[in-house]
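K.L.:
Sharing a structure below in structure tokens format, with a few things to ask.
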Amino acid sequence: MLLGLVVLAIVPGAIAAPWIGARGRIDRLALVPGLSIVLTLFAGIAVLSIWRGPLTVAKGWTVVAVAVGVAAALRVGDRWLRPPLERVARFVDGLFGAFSNTDFTLLVGVQFLVQAGQGVIQGAIGKSIAFGGQQGFDVQNVPSADYLLKVVLALYIPYTLASPFVGVFIDRFPRRRVVWWANVLTAVLVTAVALFVLAPLGERTSEGDVGATVALVAGLLAAQGVVRVVLAVKSAAMPTVLAGRDLLQGNGLSQAGGALAQVAGIAVALGVGTVAPSFAIVVIGALVLVVAALVSRRMRHVEARRHDATFWEEASRVVADVIAGLREVGARPPAALGLSAFQMLRYQFWGFGLFVFGLYAKNLVEGGRADTLALVLTGLGGIVGGGIGLVLAQALKDRVPPIRLLLGSMALLGAGTVVFGGLVSVAGFAAMLFTGFFAFFLGKISADTIMQQAMPDDFRGRAFALFDIAYNLGYIVPAFLLSWLWVEGSEVRTRAILVGSGALFLALTAAVAWWAWRIRDRFAPQDDLVELPEVVGDPT
């Protein structure tokens, strides 16, 4: 027994101690037993996963031998194994190094909280609209497609019209105050909707109840609006928060983390919705927004200079500021190109790619499990594609200009739609969605970076409010077009829409590339600002 304990708790760790830098007596006394146990546990898991059956003495000594062998390999291979691992560690440190900047962490932390809260609120209200407010889901309650289309249009059209004015608030008022009030007011509004509309509805949907439908759409609009405000503030503040450096990296972390937060919020809403009514879930989402508002009070360096004008002074010239923002974007060709390219990306992937897949998904499976197929393909495509895009952006940000990453992602999206969209199969859609998520992620953060580099701080809020318009039109315009072109269950029409839209997108990509070549001297060579912003102190 003593010999066994020595072998298990001392020998593997003593052999591998130099690998973890344990060379002194105190280091060895503290670390060797723990390292031995970890090596033995991993060896045991590996051996017993392969060598099945009851545990025997022979298997036990085999586990010990594997643990000692791994420890010896670590000690002997230290010279050639450590350098590649250190390179990986440096890359990961660089990838997430922006979080060492407290101001960046607070900025995107507020963004993540707001997107999670939006996911909870919209998941609960959307479930109530589609299935009613009961616990769980009853597909017999699903309203007509025409009613749901009207709800979607009522959701996106109003905010599209309001976006330019929101951008003025972001540019002309203290951005921290804008985020605070946006979250607080939205939390109050959605709580009122939950208590006075959702709770009385009970298990019914709102179809046929005009007042309830208007109130629920107002709640959805508020949840969507606060996210768009926070995202525009985040994009406008990113250059000052990061002191003008590593913008592509910051945008990538923000994009990936925000998507995960929103998906997590929706998952919470749908999961808790199986045991709790919708109005209670909306209240939970409102509480998340309140937490985001409290965190936003600690944000710093979100604008290059303070804006001390009164509300009425700014409100009196809001229209003039909107026009000035449009002129400023138009006068800066890189900004106009970035906005145009983002609009095209939205149309192609989120409009035609995902819409067509959603409409045709039920024809790809047997037994009515289209919802599961859609969840798996979009979930895996989004997570894997976005993850690869984040890593690739970190690897290329100092070597490849953002405009090249943008054009490359557009070309990949168009080619992937043409090639894989023509298959009209589960494998074809899987490949198309993965390519699309990856290309859109890389293209989006590249377009954000180009806009941030091209626009001065006083106009970035209005510039990214135009991104919000592009975001909404990316749903509205394709939905209208597909309502004319779509033929239910037609493989031929589905293939024609995907291949045709992909080919047209490639032609537009070529036009954007020609435009970029003509103004090539106006683009930054990497993801830093050409002129670093003036901030009080260095936020890094």
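K.L.:
Is it the case, given these coordinates, that ALA98 is farther than 28 Å from ILE37 by Cβ and surrounded by 12 or more Cβ atoms within 10 Å (Cβ to Cβ)?
P.N.:
Criteria met by ALA98.
K.L.:
Does segment 515-538 contain any residue that is at pLDDT 80 or above and buried (at least 23 other Cβ atoms within 10 Å of the Cβ)?
P.N.:
no
K.L.:
Oh, and also: Take ALA16 and tell me if it is outside the structural domain of ALA395 (by TED's automatic domain parsing), among the small types (Gly, Ala, Ser) and assigned to a helix (DSSP H, G or I).
P.N.:
Answer is yes for this residue.
K.L.:
Can I ask one more? For segment 175-224, give me each residue that is modelled with pLDDT under 90, loosely packed, with under 15 Cβ neighbours inside 10 Å and under 30 Å from PHE104 (Cβ atoms).
P.N.:
Across segment 175-224, the qualifying residue is only ARG177.
K.L.:
Give me the residue from segment 341-368 that is touching a helix residue (DSSP H, G or I) at 6+ places or on another chain (Cβ under 9 Å) and modelled with pLDDT under 70 and, out of that set, surrounded by the fewest Cβ atoms within 10 Å (Cβ to Cβ).
P.N.:
Top of the filtered list is GLY368.
K.L.:
Related question: Using beta carbons and a limit of 9 Å, which pairs, at least six apart or on different chains, have the first residue in segment 86-112 and closer than 30 Å to ALA182 by Cα and the second one surrounded by fewer than 20 Cβ atoms within 10 Å (Cβ to Cβ) and among the hydroxyl-bearing types (Ser, Thr, Tyr)?
P.N.:
Partner pairs satisfying both residue conditions: ALA98/THR105; PHE99/THR105; SER100/THR540; ASN101/THR540; ASP103/THR540; PHE104/THR540.
K.L.:
Can you name the residue in segment 220-274 that is of a type in the set (Lys, Arg) and touching a helix residue (DSSP H, G or I) at 6+ places or on another chain (Cβ under 7 Å) and, of all such residues, is farthest from VAL114 (Cα to Cα)?
P.N.:
Top of the filtered list is LYS234.
K.L.:
Return the total of residues in segment 475-493 being under 20 Å from MET344 (Cα atoms) and either surrounded by 15 or more Cβ atoms within 10 Å (Cβ to Cβ) or among the aliphatic types (A, V, I, L, M) (or both).
P.N.:
So the answer is 8.
K.L.:
Does segment 17-29 contain any residue that is without any contact (Cβ under 8 Å) to a residue 12 or more places away in the chain and either closer than 30 Å to GLN394 by Cβ or within 42 Å of the chain's Cα centre (by Cα) (or both)?
P.N.:
yes
K.L.:
Which residue pairs have Cβ atoms under 6 Å apart, sit 6 or more places apart or on different chains, and have a first residue in segment 172-196 that is under 13 Å from VAL114 (Cα atoms) and a second that is at pLDDT 90 or above and of a type outside the set (A, V, I, L, M)?
P.N.:
From segment 172-196, the pairs are VAL179/SER296; TRP180/SER296.
The values are calculated or read from the model by the stated rules, or taken from the named source; none is laboratory data. Owing to the predicted nature of the structure, the values given are computational and were not obtained by experimental measurement. Positions of Cβ are backbone-derived with ideal geometry, glycine not excepted, and every protein chain shown enters the neighbour counts.
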